[in-house]
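Read the structure below first, then the notes.
The values are calculated or read from the model by the stated rules, or taken from the named source; none is laboratory data. All values derive from a computational prediction rather than experimental measurement. Note that each Cβ is placed from the backbone with ideal geometry, even for glycine, and that neighbours are counted across all protein chains shown.
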Amino acid sequence: MKSPLKMGMNRLDSLFSKVFTPAWNPMYQLGGLSFFYFWIVAITGVYLFIFFETSITGAHASMEYISVQQWYLGGIMRSFHRYASAAMGVCVTLHLLREFAMDRYSGVRWFSWVSGIPLLWLLFASAIGGYWLVWDIQAQYIATTTAQLFDWLPIMVDPMASNFLNEAALSDRFFSLLVFLHIGIPLALLLGMFIHIKRITGARTNPTKGLAAGTLLAMLVVSLWQPALSQAPANLDVAVTTVGLDWIFLNPYTLISSWGPGQTWAILVGLSTVLTILPWLPSKRAKQSPVAVVDPDNCNGCGWCLADCPYEAVTMKEHDFKKGHQQSVVDPNLCISCGICAGACPSSSPFRHVDELTTGISIPGFHIKELLSLTESKLAELKPDEPRILVYGCDHGSVVDSMSSPSVATVSMPCTALVPPAFIDYVLRKNLAEGVMISGCCEGDCHYRLGNEWMNQRFDKERMPVLRTRVPREKVRLRWLGEQGTAQLAHEVSTFQADLSDEIASQPRESVHE
Amino acid sequence: MNRALGYLGQALCYTLFFLPLVYLSHEPTYRVLDDDTALLKLAVRHPGKIIGECTTTTESGQGMRPTSMAQVTEVCPRERSALQLQLILDGKTLYRDTVPASGLHSDGIASVYMQFEVPAGSHNLQLRMNDDEAIEGYPWQFEQDIELQPAQVMVANFKQGFRLQ
């Protein structure tokens with residue numbers, strides 16, 4: 001199931017990257033978009049609350065006033081409130097499916113995955129509360145059906161449904177309770193969202209400005225074209241026969257009506273349980289490599305690995321034996337073995353005058369000295385008939401192994417941000433290759449969240465360790481094309497080689513021999 | 001990609017995202033109840049009779065009680081009878097069940113809520129309840145011919161006897 005889903009997601013990614021550009025691609029910002037929609041719902045909700053009347057007759061009438069008399073502001077606010085909540089529901093669902101398809105829910109990522117499950121319930125409960133407050137026939141249907149659902153549980157002493165027997169049974173206090181719940185549950189949702197992103201560095205809680213602007217504009221158009229309106233007022237003395245349902249959130253209600261509350265509980269709780277235990281279910285995925293290890297002899301306490309770790313697995317402590325210095329500490333429960341820390345370590349420089357290259361922090365499965373040895377041995381095999389290219393690729397992005405040729409060497413690793421910029425300098429300075437290509441996951445969608453972003457910043461000299469100015473930029477290319485862009489990357493490598501060939505041909509003969 | 005074409009594509013994507021979202025926010029309509037059908041609700045909330053006899057306290061027994069309970073002259077068991085309920089429509093039993101008293105010691109109120117979809121029109125409704133395990137049969141009985149309109153909600157509840165609302 002995961003494979004076709006991943007393929008579908010990759011196709012959508014490519015399509016949206018073309019249309020929106022990778023920076024605005026909504027598929028890479030589903031979490032940020034969910035936060036954005038939450039804030040729209042929260043802000044518009046405050047406005048609606050000012051005019052909302054918490055009484056049986058006042059609830060529906062006040063919503064009508066907001067939508068009809070005050071259509072130019074209140075009506076738009078209401079439409080934003082409603083459509084943003086529905087859009088949040090869609091984004092959250094896509095976010096869940098995407099993380100599942102991309103295999104980003106197990107290992108140390110279990111926390112974000114599991115903490116997301118209660119958020120689904122809280123989001124659902126928040127939305128239901130909102131529909132309920134309007135007190136139209138949809139609210140009436142929700143009220144009586146929710147009562148059926150809860151009355152099935154053996155914990156209810158007095159049936160909840162007895163509150164909705166008829167008009168005489170309903171009280172104004174019920175609406176006060178609903179308002180309290182409709183504010184309290186979203187606050188709990190917000191707290192849950194904060195916990196959900198607690199273990200990740202630099203979580204994207206906002207979409208890019210362009211995407212946010214486009215979303216707001218689209219919502220404004222939709223709100224003017226199809227404003228959210230109430231249905232006929234609720235009347236508990238008359239049963240609801242047909243109702244216009246919001247199928248985004250209320251689809252479980254049709255299950256309650258047709259299959260009964262017991263089976264609906266079984267489905268909802270069963271599904272939540274399966275989702276919760278999913279990270280620990282047997283899978284074909286490769287076992288995680290051993291976590292990063294700190295070498296105190298080579299750690300100078302600079303903290304660059306701490307700044308770059310995408311999962312807050314690195315902290316600092318007092319150095320084991322250098323007084324007044326600090327050293328990095330890796331929390332094995334949080335480390336995902338991406339190796340980005342090794343790429344950030346200033347000690348990971350092949351120019352160091354040491355017998356055997358070592359570094360302050362590295363992952364045992366792909367130590368920096370192994371990367372150097374692999375790089376050197378692969379480059380040594382290349383034939384100088386054409387410009388020699390070194391392609392560094394990541395195991396989750398474009399498949400680089402297939403691009404190997406007599407003049408192209410490829411090295412794949414967990415994440416290309418594992419490559420210290422000094423390695424590129426080293427390869428070109430030692431004339432081991434004429435060009436270096438760095439590839440990986442799609443721009444904005446790194447498997448380890450921040451790898452390609454950090455590499456871009458290191459190359460643009462915005463993040464330590466930087467790629468030194470002396471490295472000729474025309475001999476280095478960064479291409480973030482992802483797994484789906486493997487064919488395009490092969491084409492890019494050929495183009496790179498041709499460009500280097502032209503450049504070499506255009507240089508004076510003496511300088512070529514140099 | 002040409003910038004204008006890109007914006008056009010984005011507009012199309014937003015449309016494709018919001019169009020189903022707007023449509024699904026109220027369509028397709030869902031049929032909850034068939035035409036020419038009414039709802040009959042049975043909602044009873046009633047404490048069953050206490051099971052067992054109350055006993056009068058003796059003077060010596062009163063002396064052993066806390067002073068706040070000195071005035072207590074009678075001690076009763078806590079457990080209450082379950083309710084035996086029956087709802088018969090046009091001679092056909094739609095509901096027949098025993099509703100236990102709530103609480104760990106079965107000393108609370110027994111509550112039941114049921115709803116039945118019935119065809120609109122004239123019906124004969126009978127309600128029966130026994131709230132005392134010590135006696136046989138149904139001490140509480142109610143019978144009435146009723147006329148139900150389509151989509152009408154009729155509530156049968158109990159307050160010192162069955163009544164319809």
Identity of the residue in region A:273-290, outside any helix (DSSP H, G or I) and not hydrophobic (A, V, I, L, M, F, W, C), that ends up farthest from A:Gly339 (Cα to Cα)
A:Pro282
Of all residues in region B:74-100, which are more than 29 Å from B:Glu117 (Cβ to Cβ) and surrounded by 11 or more Cβ atoms within 10 Å (Cβ to Cβ)?
B:Val75, B:Cys76, B:Pro77, B:Arg78, B:Glu79, B:Arg80, B:Ser81
Counting just the residues of region A:253-276 that are touching a Ser or Thr at 6+ places or on another chain (Cβ under 7 Å) and in contact (Cβ under 8 Å) with a residue 60 or more places away in the chain, which one comes out farthest from the other protein chains (Cβ to nearest Cβ)?
A:Ile256
Could you tell me which of the residues B:Ala70, B:Ala101, B:Ala82 is more than 17 Å from B:Leu127 (Cα to Cα), under 27 Å from the mean Cα position of the chain (by Cα) and either among the small types (Gly, Ala, Ser) or not assigned by TED's automatic domain parsing to the domain that holds B:Gln141 (or both)?
B:Ala101
Take B:Arg128 and decide whether it is away from chain A (no Cβ under 14 Å), among the basic types (Lys, Arg) and assigned to a strand (DSSP E or B).
yes
Which one of these is of a type outside the set (Lys, Arg) and more than 12 Å from B:Val44 (Cα to Cα): B:Gln126, B:Gln160?
B:Gln126
Positions within region A:191-236 being of a type in the set (Val, Ile, Thr) and without any contact (Cβ under 8 Å) to a residue 60 or more places away in the chain, in sequence order
A:Val221
Strands (runs of 3 or more DSSP E) contained entirely in region B:1-116, each with at least 1 residues that are closer than 30 Å to A:Ser79 by Cα and among the charged types (D, E, K, R)
B:29-31
Can you find even one residue in region A:499-509 that is under 24 Å from the mean Cα position of the chain (by Cα), more than 21 Å from A:Ile336 (Cα to Cα) and not in a loop (DSSP other than H, G, I, E, B)?
no
Out of (1) out of contact with any strand residue (DSSP E or B) (no Cβ under 7 Å at 6 or more places or on another chain); (2) touching a residue at least 40 places away in the same chain (Cβ under 8 Å); (3) under 30 Å from A:Arg173 (Cβ atoms); (4) not aliphatic (A, V, I, L, M), the odd one out for A:His60 is which?
(1)
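Based on this model, can you work out whether A:Thr205 counts as among the hydroxyl-bearing types (Ser, Thr, Tyr), outside the structural domain of A:Val330 (by TED's automatic domain parsing), surrounded by fewer than 17 Cβ atoms within 10 Å (Cβ to Cβ) and touching a Gly at 6+ places or on another chain (Cβ under 8 Å)?
yes
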For region A:116-132, does any single residue satisfy the condition of being within 12 Å of chain B (Cβ to nearest Cβ), touching a residue at least 12 places away in the same chain (Cβ under 8 Å) and either in contact with a Phe, Trp or Tyr (Cβ under 7 Å, 6 or more places away or on another chain) or surrounded by fewer than 20 Cβ atoms within 10 Å (Cβ to Cβ) (or both)?
yes
Answer with yes or no whether A:Arg98 is within 30 Å of A:Lys2 (Cβ to Cβ), in contact with a helix residue (DSSP H, G or I) (Cβ under 6 Å, 6 or more places away or on another chain), of a type in the set (D, E, K, R) and in contact (Cβ under 8 Å) with a residue 40 or more places away in the chain.
yes
Out of curiosity, is B:Pro28 surrounded by fewer than 16 Cβ atoms within 10 Å (Cβ to Cβ), out of contact with any Ser or Thr (no Cβ under 6 Å at 6 or more places or on another chain) and within 14 Å of chain A (Cβ to nearest Cβ)?
yes
Within region A:75-87, identify whether any single residue is more than 14 Å from every other protein chain (Cβ to nearest Cβ), of a type in the set (S, T, N, Q), over 30 Å from A:Gln484 (Cβ atoms) and out of contact with any Pro (no Cβ under 7 Å at 6 or more places or on another chain), and answer yes or no.
no
